[in-house]
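This report refers to the structure that appears directly beneath it.
The values are calculated or read from the model by the stated rules, or taken from the named source; none is laboratory data. Everything numeric here is computed off the predicted structure, so don't read it as measured data. Reconstructed Cβ throughout: ideal geometry from the backbone, glycine too, with neighbour counts over all protein chains shown. All accessible areas refer to the heavy atoms of the entire protein, side chains included, with ligands and DNA or RNA removed. Shrake-Rupley method; radii C 1.70, N 1.55, O 1.52, S 1.80 Å.
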Amino acid sequence: MASTPCPFSFPFPDHPGLEPAAQYTELRQYTEPERSAEPERSAEPGQSAEPGRHAESGQSAESGRSAEPGRSAGQGRTPLVPVELPGGVPALLAHRHADACAVLTDPGFSREAATELRMTSRSKESLALNVVDPPVHTRRRQLVAHAFTARQAGLARPATERLAGELIGAMVRKGPPAELVADFALPLTMGVIGGILGVPAPEQRRLHPWVEAMMSTTAYSPEEIAAAHKGVHGYFAGLLDAATGGLPGELAGHVRQGTLGRDEAVHLVSGLFIAGYETTGNQLGMCVLALLRHPLLLKRLRSDPAATPQAVEELLRYTSLNAAGGVPHVALEDRPVGGTVVRAGQVVVPVTDGANRDPDVFDEPDLLDIDRPHNPHLSFGRGRHMCLGAGLARMELQVALDMLVAELPGLELAVPEDTLGWREGMYARGLLELPVRW
C-alpha cells in the first residue's frame, strides 16, 4: 500500500452541519480524482436544482426527496486511503461501503488490538462491549442482549410515548421558544435507558456532565476526564450493589455466582447507560433539524405517520453522527480488502458515515430521500459489534418524530440556522442547542 499522506487531518476536524461533514466531501474528491474538477450542481436564483425541483422549498415535487446535489455512481475510487492517526500511527481509511463491511465483519480484524488508538476519552475498561474481541465480547454481550431485542423495544414503546408526551406537554405549558435538546431529546433518551437500568430521573441529569467528559476527544482536560470516570464508576457500582431486579439485578447475580467480575459488571451497566442516551439524543436533535430544513418532508410525516420508520432510516444514513471517523481495527493477519491486501499489524478505520455516502450503493447519496428503496446504511455498524440498542434507538426516534410533528404542527426554528452551536471536541457530533417555536 502506498504511503502517500492523506491531504486532510485525522481524527476529522469538527464541522457544523448535517450533510456529510466537509471531510467526507473532501475524502470523496481525494478518492475520485477524476471528479474533483467537476463543478457542483446548484440552483440558480429562482430556478430548481433539477427539472421538477422547487428551489424555494428545497424539495422535489415528490415530497420524500430534498433538492441537494448528488453524485451518480462512479468507478476508479481509491479503496483504502492512507492517513496518520494521533501520535503518528499510520492507518488506512476504509470509506467504501463494501470495504467498511469487510473490516467490520471479518474476525481477522481486531478492535481490542487497537485500544491504545481509541478516539474518545473513554478508558478501555469502560468500553466493555465496544473494543473487546471474542470470546470475551461474546460472553458479555450474551448476558445483556436479551434486554435489547426488538420485542423488548416494542414493550418499551408505551412508556416512551408517555414520557415524550409529558416532555412535549411541559414545553407547551411553558410556551415557545423551547430548547429541544435540553427540554426533549436528552431527557427522553436518558429516561428510556434510565428506566431499563433503574437509574432514577433526578440522577440521570447528574450523570450527564461526567458522560460528556468521557465522550470527548479534546474538549476536556485529563483531570476532568479522570474525575468523570471515577464519578460514573462509583455511581454504577453503588447501583449494582443495591440492585435486586431488572438487568442490573441480573448482572449482580452473575457477580455473586462468580461468572462476571464486579468491575466488569459495573462497566457493562454504565456503558449501556452512556450508549443508550448519548448517541440517540444527539441523533434526534440532528434528525429534527434536518426535517425543519425540509418543510415538505415535515408535512409528509404529519399527514402520513406510516412513513416515519423509513424516514428514520434515511435520516440515520444522511446525518453524520461520528465525529472521529470510526473505531480503529488492527489486522491480525494479511487480509484482502478493496482489491488489495492489508498486512498483518496494519490499522484500518472503517468510516461508516463515509460508507453511507457510497455512490455505488446509494443512488444520489447526498440526497435526503425518505422513499429510498434500498438503504443498507451502516449507522449502527455491522457484524458482531453492531449496536446492541439499535432496535431501541429506532423506536425512540420514531416515537419522538411522530409525536413532535403531531403535537407541534407549527414546529420551526426559533433562531437563524447559522447561529446554532455545534459540539466541538466530542466523539459524537450534535447540536448544543436547538431553539424551536410552534
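Is there a quick way to get the dipole size of segment 329-434? I mean about its Cα centre, with the Cβ of Lys and Arg at +1 and of Asp and Glu at -1; what is the value in debye to the nearest 20?
Result for segment 329-434 is approximately 740 debye, rounded to the nearest 20.
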> Tell me which lysines have Cα within less than 30 Å of Lys174's Cα, excluding those fewer than 8 residues away on the same chain?
Replying inline: Lys299
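How high is the FRET efficiency from Glu161 to Val89, r the C-beta distance, R0 35 Å, rounded to 0.05?
Numbers: r = 46 Å, r/R0 = 1.32.
With R0 = 35 Å, the Cβ-Cβ based efficiency is 0.15.
Taking K and R as +1 and D and E as -1, what net charge do the other residues with C-beta under 10 Å from the C-beta of Met214 add up to?
Summing Lys and Arg as +1 and Asp and Glu as -1 gives -2.
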> Where does each of 100-108, 234-242, 266-274 land if you order them by average Cβ count within 10 Å, highest first?
Replying inline: 266-274, 100-108, 234-242
> Could you name the lysines in cross-link range of Lys124, using Cα to Cα under 30 Å and dropping any fewer than eight places away on the same chain?
Replying inline: Lys230
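For a Förster distance of 35 Å, can you work out the FRET efficiency between the beta-carbons of Val415 and Gln152, rounded to the nearest 0.05?
Working: r = 38 Å, r/R0 = 1.09.
Once rounded, the FRET efficiency stands at 0.40.
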> Rounded to the nearest 10 Å², what accessible area does Arg96 show when all protein chains are kept and the probe is 1.4 Å?
Replying inline: 50 Å²
>> Given a 1.4 angstrom probe, what's the average accessible area per residue across segment 371-430, in square angstrom?
In response: 39 Å²
>> Can you compute 3J(HN,Hα) from phi for each residue in segment 282-294, using the Karplus curve 6.51 cos²θ - 1.76 cosθ + 1.60 with θ = phi - 60°, rounded to whole Hz and x for Gly and Pro?
In response: 5, 4, 4, x, 5, 5, 5, 4, 4, 5, 5, 6, 10
> Which value in nm describes the separation of the simple spin-label points at Lys174 and Arg262, placed 7 Å from the Cα toward the beta carbon?
Replying inline: 4.0 nm
> Based on the Cβ-Cβ distance of Gln310 and Glu424, what FRET efficiency does E = 1/(1 + (r/R0)^6) give at R0 = 35 Å, to the nearest 0.05?
Replying inline: 0.65
> Hey, what do the phi angles of segment 122-134 turn into as Karplus ³J(HN,Hα) couplings, whole Hz, using 6.51/-1.76/1.60 and θ = phi - 60°, x for Gly and Pro?
Replying inline: 5, 6, 4, 5, 6, 8, 5, 10, 6, 10, 10, 9, x
